[in-house]
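One structure is given here, and the rest of the page talks about it.
The values are calculated or read from the model by the stated rules, or taken from the named source; none is laboratory data. On a predicted model such as this, the values are computed, not experimentally measured, just so you know. Reconstructed Cβ throughout: ideal geometry from the backbone, glycine too, with neighbour counts over all protein chains shown.
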Amino acid sequence: MEDGMTGDRSADAAARLADDLPSAEAPPKALPLRRKELLAQVATRTGAAHRDIKPLVDAILESLGDALEAERPLVLPPLGKASVKTRKGEGAQRILTLKLRRSPAKKREEPLADGAK
């Protein structure tokens, strides 16, 4: 019975020691980029109206989805190089695991949009 009490004391001491140590919390997860936010960012970066860029962004996203579904590698600077590594499921829900290789971001010297529109 003495051994059981020693074990309990050790567990209590370890718990107290763990409480005294600073906790190593995981960094908060970033929020996902949603379509609405993407449209707003593109509108801001280009200076184009939201109604003008929406069909373009939708067409680009659809083309990217089609290419990934066909397991075509993507080489799209400045996004990078992407390839499908694994594919699971059939029908309505398919899971594609991608590998994305990015290059360091380059500073843009001139704005995307012309301010004289």
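Anything in segment 23-52 that is at pLDDT 95 or above, more than 20 Å from L64 (Cβ to Cβ) and in a loop (DSSP other than H, G, I, E, B)? List them, or say none.
Scanning segment 23-52 gives G47, A49.
Has segment 70-80 got any residue that is surrounded by 10 or more Cβ atoms within 10 Å (Cβ to Cβ), of a type in the set (K, R), modelled with pLDDT of 85 or more and assigned to a strand (DSSP E or B)?
no
When both residues are 6+ apart or on different chains and their Cβ atoms are under 9 Å apart, which pairs have a first residue that lies in segment 29-45 and is surrounded by 13 or more Cβ atoms within 10 Å (Cβ to Cβ), and a second that is of a type in the set (G, A, S)?
V42/A48; A43/A49; R45/A113
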